[in-house]
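Undergrad: The structure follows.
Bear in mind these aren't lab numbers, they're just calculated from the coordinates by the rules spelled out. Bear in mind the structure is a predicted one, so any value in this text is a computation, not a measurement. Cβ: placed from backbone, ideal geometry, glycine included. Neighbour counts: every protein chain shown.
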Amino acid sequence: MDILETEVGKLIRQKKLLAGGEKILVAVSGGADSVCLLGVLYALAGEFSLRLMVGHVHHGLRAAADDDEAFVREQAAARGLPCHVEHVDVPALKRQWKCSTEEAARRARYEALAGAAEEFGADMLAAAHHMEDQAETVLLNLFRGAGLRGASGMEIIRASAVLESGKTLPPLIRPLLGVTRGEIEAYLSRNGLDHREDESNREDCFARNCIRHRILPVAEEMIHPGATAHLAQTAEYMREALTFIEGEAKERSRRIRTKDGALDVRGLSCEAPVMQTQILAAVLREAGILQGISKAHISALCGLCENDRGSERVDLPGGYYAERVYGKLYIRKESTDAVQHNSTEIRVDLTAAEETQKILLPGAGAVELTVRAAKHATDKTEIPRDPYTKWFDCDKIGASLVFRRRRPGDSIHVGNCRKPLAREMLDQKIPSADRDGYWLMARDSEILWIIGNRRSQEALVGEETLRILECVWRPQEKTPENDTQT
């Protein structure tokens with residue numbers, strides 16, 4: 001067995017990359033790195049009882065792409081391995097996703113490999129990233145303003161991930177991450193393995209190529225001959241530190257959780273700044289926000305938690321948002337059925353006297369309406385004070401009313417003034433995420449009752465009241481929070 005195969009086998013056992021018996025999709029571009037990876041894993045297949053398959057992505061960016069595809073098919077056939085080739089249109093995807101060519105190619109590659117992995121029933125995906133790739137990644141991330149995660153570079157094994165398309169990428173292993181490019185070339189030479197050259201790798205217009213061709217060679221020659229290896233080693237140290245810190249952040253986030261799953265802002269403020277950012281990152285990951293989170297988002301969340309008064313919101317990627325509501329920080333996702341939800345309307349005729357009508361309110365039980373003649377309306381002690389029963393002067397309301405959710409322009413008469421409904425809900429400390437869920441009893445845009453909360457000062461029962469509209473709320477399925485009454 002070749003010395004490199006022996007060393008990679010040791011690494012697999014040391015890092016517990018494989019348990020044995022896995023079906024592995026090997027990503028093969030045809031370049032030196034991926035051909036080396038395929039050769040090494042093929043040599044180790046018997047020892048680890050592996051079943052291998054080859055995945056190749058045709059990006060359509062180079063004139064030689066067809067020849068690359070044919071070469072990869074030959075490599076797979078020579079070893080008796082199944083091969084899946086996926087053609088993608090990177091220029092079109094670049095326009096669709098509004099990103100760079102590099103980013104579009106990367107995303108398209110993983111989407112294609114996820115599809116191939118699903119077709120083959122692969123347990124894992126193997127990629128040929130090596131030590132220089134790791135050093136380049138660390139520098140690229142640091143130059144762009146990375147934190148601990150970026151400084152730790154690529155993981156030698158990465159958990160499965162759900163891509164934006166909904167496809168699932170299986171766990172990704174990088175068995176060559178501790179191998180140098182020189183060792184890869186020596187392996188190919190010793191074993192008489194041919195490979196394809198990608199001429200675009202020589203173009204310094206790409207940021208990674210610039211680091212590879214200009215910065216790392218100067219670092220090796222002018223600063224320290226082991227600069228590349230030391231960068232990769234530092235990334236491993238950073239990864240170990242990050243693993244510990246993230247575990248601690250996850251544990252501390254549990255301690256400052258409130259009963260309804262929010263984060264206690266005061267509890268968060270007691271943590272050191274570096275731990276605050278890690279706790280917030282942990283909370284976002286637990287909420288399922290894995291893509292698009294930047295340092296700016298974390299900074300915005302920290303700013304949101306600088307005080308615990310009032311309500312404030314920050315939008316996050318993927319349709320999520322964070323909201324601080326009176327000392328609690330919630331991470332929520334925008335409702336996709338908000339338009340349909342808010343269009344629900346139940347209109348009620350009030351002309352029927354001495355008859356009880358039961359109005360079913362989806363998600364909030366029912367309201368029973370009874371119109372009857374006033375007998376002792378001037379006796380204020382008879383007006384119900386419980387939170388579930390409200391009396392109104394029926395003749396001041398009119399012939400009908402409507403039950404619905406809130407809409408723009410809604411207002412409510414509170415005290416001696418009329419207030420926007422949104423402002424009143426804020427004053428009542430109703431979290432914004434819950435406001436669309438409240439049922440309202442209304443007359444046009446005038447709110448008579450936030451059911452389960454505030455009653456308007458309109459249509460009050462008095463000495464001149466002839467007919468009383470008695471409204472009794474029977475919560476059955478869901479009782480809104482914050483039961484403040486007037």
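Undergrad: For each of 119, 306, count neighbouring Cβ atoms within 10 Å of the residue's Cβ, then give the residues from fewest to most.
TA: Numbers: 119 14, 306 10.
With the sparsest Cβ surroundings first, the list reads 306, 119.
Undergrad: Where a ≥ b ≥ c are the square roots of the eigenvalues of the C-alpha gyration tensor, would you call segment 127-192 rounded, which needs a/c under 1.5, or, failing that, prolate if a/b is larger than b/c, or oblate? Before the final figure, lay out each step's value.
TA: Details: a/c = 2.92, a/b = 1.33, b/c = 2.19.
Cα axes put segment 127-192 in the oblate bin.
Undergrad: Taking the number of other C-beta atoms within 10 Å as the exposure measure, put 189, 311, 100 in order starting with the fewest. Working shown, then result.
TA: Working: 189 9, 311 15, 100 12.
The most exposed by this proxy come first: 189, 100, 311.
Undergrad: If the cut-off is a Cα-Cα distance under 18 Å, which lysines reach residue 390, setting aside same-chain residues fewer than 8 apart in sequence?
TA: 358, 375, 380
Undergrad: Counting other Cβ atoms within 10 Å, which GluC sites (Glu not before Pro) in segment 197-283 have at most 13 and lie in a DSSP loop?
TA: Working: sites: 197, 199, 203, 220, 221, 236, 240, 246, 248, 251, 271; in loops: 197, 203, 271.
Passing both the DSSP loop test and the Cβ count: 197, 203.
Undergrad: Now a separate question. Just grab the label-to-label distance for residue 308 and residue 186, each label 7 Å out from Cα along the Cβ direction, in nm (one decimal).
TA: 6.1
Undergrad: Calculate for the chain the 222 nm mean residue ellipticity that helices alone would give, adding -39,500 (n - 2.57) per DSSP H run of length 4 or more and normalising by residue count, nearest 500 deg cm²/dmol. Intermediate values should be presented prior to the final figure.
TA: Working: 17 runs with 182 residues, N = 486.
Mean residue ellipticity, 222 nm, calculated: -11000 deg cm²/dmol.
Undergrad: Taking 2.2 N^0.38 Å as the expected size of a compact globular protein, what ratio does the Cα radius of gyration of segment 256-333 give against it, to two decimals?
TA: On the way: Rg = 11.2 Å, N = 78, 2.2 N^0.38 = 11.5 Å.
Compared with the compact-globule rule of thumb, segment 256-333 sits at 0.97.
Undergrad: Please report, in debye to the nearest 20, how large the charge dipole of the chain is about its Cα centre when each Lys and Arg carries +1 at its beta carbon and each Asp and Glu carries -1 there.
TA: Values: 66 positive and 74 negative charges, 280 e Å.
It works out to roughly 1340 debye.
Undergrad: By counting other Cβ atoms within 10 Å of each Cβ, how are 244, 392 ranked from fewest to most? Before the final figure, lay out the partial values.
TA: On the way: 244 10, 392 26.
Fewest to most other Cβ atoms nearby, the residues stand as 244, 392.
Undergrad: Note down the magnitude of the dipole of segment 256-333 about its Cα centre, charges +1 on Lys and Arg C-beta and -1 on Asp and Glu C-beta and zero elsewhere, to the nearest 20 debye.
TA: Numbers: 11 positive and 9 negative charges, 28 e Å.
Roughly 140 debye for segment 256-333.
Undergrad: Separate question: Return one number: the angle in degrees, 0 to 90 and rounded to the nearest 10, between the long axis of the Cα atoms of helix 3-15 and the longest principal axis of the Cα atoms of the chain.
TA: Its long axis makes an angle of about 30 degrees.
Undergrad: Another one. Taking a ≥ b ≥ c as the square roots of the eigenvalues of the Cα gyration tensor of segment 379-461, is the shape rounded (a/c under 1.5), prolate (a/b larger than b/c) or oblate? Spell out each step's value before the answer.
TA: Numbers: a/c = 1.72, a/b = 1.41, b/c = 1.22.
Prolate shape, in that a/c is at least 1.5 and a/b is the bigger ratio.
Undergrad: Then there is this: Can you work out the FRET efficiency for the pair residue 472 and residue 315, with r the C-beta to C-beta distance and R0 = 30 Å, to the nearest 0.05?
TA: On the way: r = 40 Å, r/R0 = 1.33.
Calculated transfer efficiency: 0.15.
Undergrad: Which net charge results for the neighbourhood of residue 243, defined as the other residues with beta-carbon distances under 12 angstrom from its beta-carbon, given Lys and Arg at +1 and Asp and Glu at -1?
TA: Values: positive: 149, 239, 250; negative: 155, 236, 240, 246, 248.
My count for the surroundings of residue 243 gives -2.
Undergrad: May I ask you to list the residues of segment 435-476 whose amide nitrogen lies under 14 Å from a point 7 Å from Cα along the Cα→beta-carbon direction of residue 366?
TA: Counting only backbone N, you get 472-476.
Undergrad: Residue 120: net charge of surrounding residues, Cβ under 14 Å, Lys/Arg +1, Asp/Glu -1, itself excluded? Mind showing how you got there, number by number?
TA: Numbers: positive: 23, 51, 167; negative: 22, 86, 118, 119, 123.
Residues close to residue 120 contribute a combined charge of -2.
Undergrad: Please give me the summed charge of the neighbours of residue 208: other residues whose Cβ is under 9 Å from its Cβ, Lys and Arg +1, Asp and Glu -1. Please report the intermediate quantities before stating the final value.
TA: Numbers: positive: 212; negative: 102, 133, 136.
For residues surrounding residue 208, the net value is -2.
Undergrad: If I fit a long axis through the Cα atoms of helix 32-48 and take the longest principal axis of the Cα atoms of the chain, what angle between them do I get, 0 to 90°, rounded to 10?
TA: 90
Undergrad: OK, next. Treating cross-link reach as a plain straight distance, find the lysines whose alpha-carbon is under 25 Å from the alpha-carbon of residue 10, omitting any fewer than eight places away in the same chain.
TA: By straight Cα distance, residue 10 reaches 23.
Undergrad: Apply 1/(1 + (r/R0)^6) to the Cβ-Cβ distance of residue 417 and residue 385, taking R0 = 25 Å, and write down the FRET efficiency to the nearest 0.05.
TA: For residue 417 and residue 385, the calculated efficiency is 0.60.
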